[in-house]
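Engineer: Dumping the structure here so I can ask a few things about it.
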Amino acid sequence: MSRPRKVALVGNPNAGKSALFNALTGARQKIANYPGVTVERKSGRFILPTGEPVEMTDLPGAYGLDPTSPDEEVTSKVISGRFPGEAAPDVLVVVLDASNLEQHLVFAQEVLALGKPAVVALNMVDLAERDGLTLDPGVLEEELGVRVVPTVAVRRRGLSELGEAIAAAEARHPGPGLTNLKPTERRVAAHAMADAAILSESKRHRLHARLDRVLLNPWLGPVILLVLLFVVFQAVFAWATPFADALDAGVGWLHDGVKAVMPAGLVRDLITDGIIAGVGAVVVFLPQIVILFAFILAMEASGYMARAAFLMDRLMAHVGLSGRSFIPLLSSFACAIPGIMATRSISDPKDRLTTILIAPMMTCSARLPVYAVIIAAFIPNTNVGGGVGLQGLVLFALYVAGVLGAMLVALILRRSVTKGAASGFIMELPKYQLPRLKDMAIGLWQRAWIFLRRAGTIIFTVTVVLWVLLNFPQAKPGESQVDASIAGKLANGLSVVVEPIGFNRDMALALIPAMAAREVAVSSLATTYAVDASDDDDRQAAELGDQLKSRWTLPMALAFLAWFVFAPQCMSTIAVTRRETNGWKWPAFMLAYLFGLAYAAAGLTYWIAVSAGL
Amino acid sequence: MTLDVLPIGKTARIVAVDWAALVPEEARRLRALGLEEGARVAVAHRGVLGGGDPIALAVGRMTIAVRRAHAAAIDVELLERVDI
């Protein structure tokens, strides 16, 4: 056979599929998207005990083959081979949560009734044992007609047995006990099977019930969530600083080192002022992104994220959304792309569309470079009392402005463009689990890699192109290089449009390449002022703040900040929105309304600040 | 009585569900999670704002969050046993 056989993991959400997938394939995973939708397609290689390599895919969790969300639709179509461009899996691994058999066996029966080669992974048997359950896999094998292998993904228990079972799996003729069942009959059968398979059941440890009593307490719960969110944002800014400083120093060292060894000239300038300054200005934000994602991944893996959604549901209902939207919106504080992708679990299409449209207003990590540079340059580092710094307060205000803007827009959209029946909120609250270090590490590595790849591709390209546009044609003696360049001329055109909101030519110039990604605004300001600076041994990273202070007024800087609260300047977000909504209509709408808001917010900020005499 | 007025901690059996009152996807999701006729259910937690919305239900070994509107479509009879 030319291509490796395909093995797919299927099961209910919270069956421990991802942990099993990580244990089977290790870190050798490929994350892509199913064509046409933004459901993540995770695949990796697994070598069977027979030596045969197979392609393992982790299908999105589903409760049934009759889909109720875009996620479930992908699973259903892939299993049946109806997904365009995706071959049907050769072997199915049905993953069950051993401690919740009567629920998970319902979907298992539906999948096994298809008659495809299949095995069952009786996963998380350790947690079932902790809950006082003793199970007999033999009973399930007899009832289901396939091999049933007990596994503990996180301890790598049962993995080689599972491999052997996959290698030996053959097409079956499922008995009448599996086929032709109505959903209700499947549930009755699942109860009977679970009862037969459970040999003994001692008094259950209901650890999660006790935790829920605290974390979902009507009064204590919201307070704990608020404190947790505060800690998250505090950590993102405070803990990341030493790492960011170290990275910054590394970039500076590289900049100076290259400058010292290379002969002066255009090529050296391209490398130091163009590439190192531009890409370096962005890479220093890696620590903040990693820390934010670490918290989000831990909240998801521990089961707390679903509780946060529960606590937030009522608030979200006020603007016509549900607690489900909280998870994508929280992820959007790291980056709108995974945020928009996380909307796939929202079943109501109008609800989902609204969440996608407001997700870019959550202050993503790409805005931090812009905010940090401008705030450091223009807002005095004074104490406003109670240990709260003015700089931090301004940053906090920018976050709040984004959230309030998003809520207001959601409210308006749900009454106009995305009008529809009030969306519901139905969600399983999974058992609490300690997040596994390895799974977290894999998740973090994947997020960091996506960010670095962006820095290495989009940001690198944009930086180089901008540098070229800034340096050609070369200025005549006595003329400013920026004024003479192509980029300068382009910016002159744009500055007519943004002049009423207080932006100067340099700001207009920064906005053009920042269309690719917001953080490019910083690297292009750095590149512009580095090109403009005549002094050869300046380090623009350290000097950008001074440059800004000497060229911008405070109202201009504030207007620039207000602009970036709303401006949809991120190509990847627009691309992911297009893919998600199947067309250009909604991304075009998103661009129009967010640019409108950005223009209005920047203009208002500028004129209010000017009239206040700032 | 309907499930939305079931007091916290009390166990009940679902006797009827007004499926027509629910959006088809939500009806299917509720069924998929085992919230259908005959199932035993208890109210585990309620939100504090807006009159105790949403509601966390204990069904089998799972905890499931639903809105009051869903629970109002579900008719239950109270069971004597407290534990499910």
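The values are calculated or read from the model by the stated rules, or taken from the named source; none is laboratory data. Owing to the predicted nature of the structure, the values given are computational and were not obtained by experimental measurement. Counting neighbours? That spans all protein chains shown, and the Cβs are built from the backbone with ideal geometry, glycine included. We work out accessible area using only protein heavy atoms, side chains counted, and drop any ligands, DNA or RNA first. Shrake-Rupley method; radii C 1.70, N 1.55, O 1.52, S 1.80 Å.
Engineer: Using alpha carbons only, how many degrees (0 to 90, rounded to 10) separate the axis of helix A:304-318 from the longest principal axis of chain A?
Structural biologist: 70 degrees
Engineer: Per residue, how large is the accessible surface of region A:308-405? Use a 1.4 angstrom probe and give square angstrom.
Structural biologist: Normalised by residue count, the accessible surface of region A:308-405 is 30 Å².
Engineer: Where does each of A:545-551, A:457-463 land if you order them by average Cβ count within 10 Å, highest first?
Structural biologist: Ranking the peptides A:545-551, A:457-463 by packing returns A:457-463, A:545-551.
Engineer: Excluding residues fewer than 8 places away in the same chain, name every one of the lysines whose C-alpha is closer than 24 Å to that of B:Lys10.
Structural biologist: A:Lys203, A:Lys431
Engineer: Still on this structure: Can you compute the modelled spin-label distance between A:Ala600 and A:Leu228, with each label point 7 Å from Cα toward Cβ, in nm?
Structural biologist: Label at A:Ala600, label at A:Leu228, 3.5 nm between them.
Engineer: Tell me: how much accessible area in total is hidden between A and B, 1.4 Å probe, Å², nearest 100?
Structural biologist: Looking at A and B, the buried total is near 3200 Å².
Engineer: If you take the square roots of the eigenvalues of the alpha-carbon gyration tensor of region A:485-614 and sort them as a ≥ b ≥ c, do you get rounded (a/c under 1.5), prolate (a/b over b/c) or oblate?
Structural biologist: Here region A:485-614 falls in the oblate category.
Engineer: Please report the spacing between the Cα centers of region A:305-378 and region B:1-70 in Å, no decimals.
Structural biologist: Using only Cα atoms, the two centres lie 27 Å from each other.
Engineer: While we're looking at this one, here's another question. With the alpha-carbon atoms as the only input, what is the per residue convex hull volume for region A:280-338 in Å³?
Structural biologist: 82 Å³
Engineer: Taking a quarter of the surface of the Cα convex hull of the protein assembly as shown, what do you get in nm²?
Structural biologist: Over all viewing directions, the protein assembly as shown projects a mean Cα-hull area of 33.8 nm².
Engineer: Can you list the residues of region A:275-314 that have at least 30 square angstrom less accessible area with all protein chains present than in their chain by itself, probe 1.4 Å?
Structural biologist: Listed in order, they are A:Phe310, A:Asp313, A:Arg314.
Engineer: A follow-up question, please. Summing -39500 (n - 2.57) over the DSSP H runs of n ≥ 4 in chain A and dividing by its residue number, what mean residue ellipticity at 222 nm do you reach, to the nearest 500 deg cm²/dmol?
Structural biologist: Taken over chain A, the calculation gives -18000 deg cm²/dmol.
Engineer: Return one number: the angle in degrees, 0 to 90 and rounded to the nearest 10, between the long axis of the Cα atoms of helix A:585-611 and the longest principal axis of the Cα atoms of chain A.
Structural biologist: 40 degrees
Engineer: Still on this structure: Let me check I have the definition right: for region B:3-78, take the eigenvalues of the Cα gyration tensor, multiply each by 5, take square roots. What are those semi-axes in whole Å, largest first?
Structural biologist: Calculated on Cα positions only, the semi-axes equal 17, 14, 11 Å.
Engineer: Under a straight-distance cross-link criterion of Cα-Cα below 16 Å, which aspartates and glutamates are reachable from A:Lys585, leaving out those fewer than 8 residues away in the same chain?
Structural biologist: The reachable aspartates and glutamates, counting only those whose Cα sits under 16 Å from A:Lys585, number zero.
Engineer: Please state the relative contact order of chain A as a whole percent: Cα pairs under 8 Å, 6+ residues apart?
Structural biologist: Dividing the mean separation by the residue count of chain A yields 12 percent.
Engineer: Please identify the trypsin sites (Lys or Arg not before Pro) of region A:38-69 that satisfy two criteria: DSSP loop assignment and at most 14 other Cβ atoms within 10 Å. Which are they?
Structural biologist: Listed in order of number, the matching sites amount to none.
Engineer: Now, a different point. Would you kindly derive the ³J(HN,Hα) couplings of region B:19-30 from the backbone phi angles with the Karplus curve 6.51 cos²θ - 1.76 cosθ + 1.60 (θ = phi - 60°), listing them in order in whole Hz, with x for Gly and Pro?
Structural biologist: Running phi through 6.51 cos²θ - 1.76 cosθ + 1.60 with θ = phi - 60° gives 4, 5, 7, 10, 5, x, 4, 5, 4, 5, 5, 4 Hz.
Engineer: Something else now. Which percent, to the nearest 5, of DSSP beta bridges fully inside the protein assembly as shown are antiparallel?
Structural biologist: Roughly 65 percent of the DSSP beta bridges within the protein assembly as shown come out antiparallel.
Engineer: Can you work out the Karplus-derived ³J(HN,Hα) for every residue in region A:519-524? Use 6.51 cos²θ - 1.76 cosθ + 1.60 with θ = phi - 60°, whole Hz, and x for glycine or proline.
Structural biologist: Couplings: 4, 5, 4, 5, 5, 6 Hz.
Engineer: Counting only C-alpha contacts under 8 Å and six or more residues apart, can you give the relative contact order of region A:450-516 as a whole percent?
Structural biologist: 26 percent
Engineer: Under the Karplus relation 6.51 cos²θ - 1.76 cosθ + 1.60, θ = phi - 60°, what is the ordered set of whole-Hz ³J(HN,Hα) values for region A:380-386, x standing for Gly and Pro?
Structural biologist: x, 7, 9, 9, 8, x, x
Engineer: Residues with amide H under 5 Å of B:Thr63's amide H, sequence separation 5 or more or different chain, H placed in the peptide plane at 1.01 Å from N; which?
Structural biologist: The list, which skips near neighbours in sequence, is A:Leu429.
Engineer: Could you tell me what percent of the accessible area of chain A is made up of carbon and sulfur, with a 1.4 Å probe and every protein chain present?
Structural biologist: It is 65 percent, rounded to a whole number.
Engineer: Hey, could you get me the Stokes-Einstein D for region A:336-452, Kirkwood radius over alpha-carbon pairs, 20 °C and 1.002 mPa s, rounded to whole µm² s⁻¹?
Structural biologist: Answer, rounded: 122 µm²/s.
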